[in-house]
Structures are given as structure tokens and as C-alpha cells.
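The values are calculated or read from the model by the stated rules, or taken from the named source; none is laboratory data. Just so it is clear, the structure is predicted and the values come from calculations on it, not from any experiment. Cβ coordinates were reconstructed from backbone atoms using ideal geometry, including for glycine residues, and neighbour counts include every protein chain displayed. In case anyone asks, the SASA skips ligands and DNA or RNA and just uses the protein heavy atoms, side chains included. Shrake-Rupley method; radii C 1.70, N 1.55, O 1.52, S 1.80 Å.
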Amino acid sequence: MKKMLAAAVSRVLSGVAQKPASRVLVASCNYSNDATFEIKKCDLYRLEEGPPVTTVLTREDGLKYYRMMQTIRRMELKADQLYKQKFIRGFCHLCDGQEACCVGLEAGINPTDHVITSYRAHGLCYTRGLSVRAILAELTGRRGGCAKGKGGSMHMYAKNFYGGNGIVGAQGPLGAGGQIFEAYNMAALWKLPCVFVCENNLYGMGTSAERAAASTDYYKRGHFIPGLRVDGMDVLCVREATRFAADYCRSEKGPIVMELQTYRYHGHSMSDPGVSYRTRQEIQNVRSKSDPIMLLKDRMVNSKLATVEEFKEIDVEVRKEIDDAAHCATTDPEPPLEELGHHIYCDNPPFEVRGASQWIKFKSLS
């Protein structure tokens, strides 16, 4: 009888041992469904009121934001590795450190809204719906890339997302021009629902903002256009400011400028080590005090929205997703030579390009 009882107990204990400890802890936790947090007050320009200074975060949204930011962080670190291994060539501008900007922006708008940006676009590509695989494959110039391997780091596109643009500031006139085209007249520009977002990471290439600008109040640079200065390291602050700005524009009050104060951990591009014009200690201070992923994680743990063990599980899943995507990005075939001109030149009928003189036209060679 004792042997039978001992065998039964052994089977029960072995079943418990096979279940991961983190799963047991997660299953036994009593989570809060939501929590209210204070967020930094935005600086205002030509506005009587701004975004709220408190916001509610649900457990579901918090976990979603964390996973998205962690995915972007790991994706950019993998891109760094692939560049150094020479799988990625040419220009490559990484956005690790600025994850709260792209995730918070997406959380504050609608999927049907239109977005256009500059060259540091990988994070926005992901939040707009592109997969990590499609992004990394584009960086390595493979057929599985979101632009068939022909756009590279600065020219990626998704539904309602009109890519990065290599020319500094090009997204402003391009985005506004697209809006004007839809409105059909210049007079309608003032009432267009257009939010101009400036991600101020404190440096312009290798020059600090203080050395390059007489005034670093970029949210005031619209002059007659109202503006906001937002803590771009806090995903909740970015979300609320974006909601406020979007509602402002949708109510036909005109455009608005939103400056997101953020920080990039890498240099301007992969050719920039990022430590000749700033110290390693400065970067480490930002990482230890203002990292957007760490801030969200600490908030959720302290408010019992999630546990540390649950975040560790997400981290493991994200790392596997990134590694699998990187494998595809390095083994997928390159586009064949005969397809390199596709989507660039029209084959039939041939298009015409007007030159400086309206009477002189150039026909394509296709």
C-alpha cells in the first residue's frame, strides 16, 4: 500500500515538474485589468489646452506595447549584426531607443490613417503592419522583402504607409502634397487633418541640437501652426499626445506640429559609431533612467498588470521570431536581374516624362 501511494505521489510531482515554473507563477497571479498612470505634461504652443496628464493602461494594451517595442529593439540589433556581417549593404539607419515613438504613434491613430516618414523608418514599418521577416529581407535585398529587395533601408512601404524618404525633411512636402492632391485646392490645406511629427533625438547626424540651432523649441517652428512638445521616451505620453493631435485635426481646426523628445542608442547610421560627439556615459545614463521598454515594464509590474516572469517569456518568443526572420533574410534568393527594373519603369504602354520645357518630352526605353 505504501509503495502504491509513493508511486502515485511521484507521478503527481513529476507532472508538476514538467510544467515550466514561469507558467505556474503566471497562472497563479491575480492581475489587475487596468491601472491609471500620471504622464508628463506636454509643452504647448498656441494651444489653450493639451493632452491629459493621466491615462489608463489596460493589461492587454500594455503587453501589446511591450511586445511591439521589444520586437523593434531586437530587430534593430539584429540589423546591426547583419550589417557587420555584410548581409546588409549601403545605408542603414536604426531606431533602437526610439521605440516609444512609433508604438505610441500607432496606438494613437487609426489603421486607416495615412503615414509618411523619413529614413529612420524600420520601427514604423513594423507598427504599420509589415512583418519582421519582410523588413529584414528588404534590408538584405532579397525577394521576400516588402519592396521585393529593391528599396532597402530607406524605401519601405505598407498599407497606408508611404515609406521612408532619404531626403531629410522630404516627408513634410510629400505628405502635405498628397493631402492637397486629394483636396484638389490649396485653400483646403489649412483644414486638412495633418499632424507633422518631429522626432527630436537631440542630434542631427553628428551635431548636437544645441550647437546646430538658435532655438531648439522645434514644436514652435510652425510659427502660426500650434505645437506640442512630448516626452518621446514614454509610450503612454506619446499615445495620449497623438490622440489629442489627431482629434484636433479631425475637428477641422487645422494642422498641428508635435515634437517627440527621444534618443537613439546607435549613431546616425551604421557608418557612424555614435561616440565621437557624445560619451558612452551619456548613452548609458539614458538607458538606465529613460529606456522606453524598461519604463513600461516597471509600471506594469509595480501596478500588478503583469509579472517579471511573463515579460521574460515574451522576450524569449521575440528572440525566436527575430532569429527565424534573420535566417529567412539571409537565405531567401535575390531578385533576378531581369526583374530589377520592374515597378520602376512601366513596360506597356511607355510613359512620358516632361522636361523643363513643356514642348520637349522624353520617352522611356522600355
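Can you tell me which residue is surrounded by the most Cβ atoms within 10 Å (Cβ to Cβ) among those in region 223-239 that are assigned to a loop (DSSP other than H, G, I, E, B) and in contact with a helix residue (DSSP H, G or I) (Cβ under 8 Å, 6 or more places away or on another chain)?
This residue is G232.
Does A329 meet the test of being in contact with an Asp or Glu (Cβ under 9 Å, 6 or more places away or on another chain), more than 30 Å from R221 (Cα to Cα) and either modelled with pLDDT under 95 or not aromatic (F, W, Y) (or both)?
Values: in contact with an Asp or Glu (Cβ under 9 Å, 6 or more places away or on another chain): yes; more than 30 Å from R221 (Cα to Cα): yes; either modelled with pLDDT under 95 or not aromatic (F, W, Y) (or both): yes.
Answer is yes for this residue.
Do you know which of the residues in region 196-222 that are of a type outside the set (G, A, S), in a loop (DSSP other than H, G, I, E, B) and more than 20 Å from P173 (Cβ to Cβ) is least open to solvent (accessible area, probe 1.4 Å)?
So the residue we want is N201.
K253 is checked against (1) more than 30 Å from I283 (Cα to Cα); (2) in contact with a strand residue (DSSP E or B) (Cβ under 7 Å, 6 or more places away or on another chain) and fails just one. What number does that condition carry?
Answer for K253: the failing condition is (2).
For the structure I just gave you, tell me whether L77 is under 21 Å from D272 (Cα atoms), more than 12 Å from the chain's Cα centre (by Cα) and open to solvent by 40 Å² or more (accessible area, probe 1.4 Å).
Taking the combined requirement at face value, the residue satisfies it.
Hey, can you tell me all the residues within region 43-93 that are part of a helix (DSSP H, G or I), over 24 Å from G164 (Cβ atoms) and touching a Leu at 6+ places or on another chain (Cβ under 7 Å)?
R59, G62, Y66
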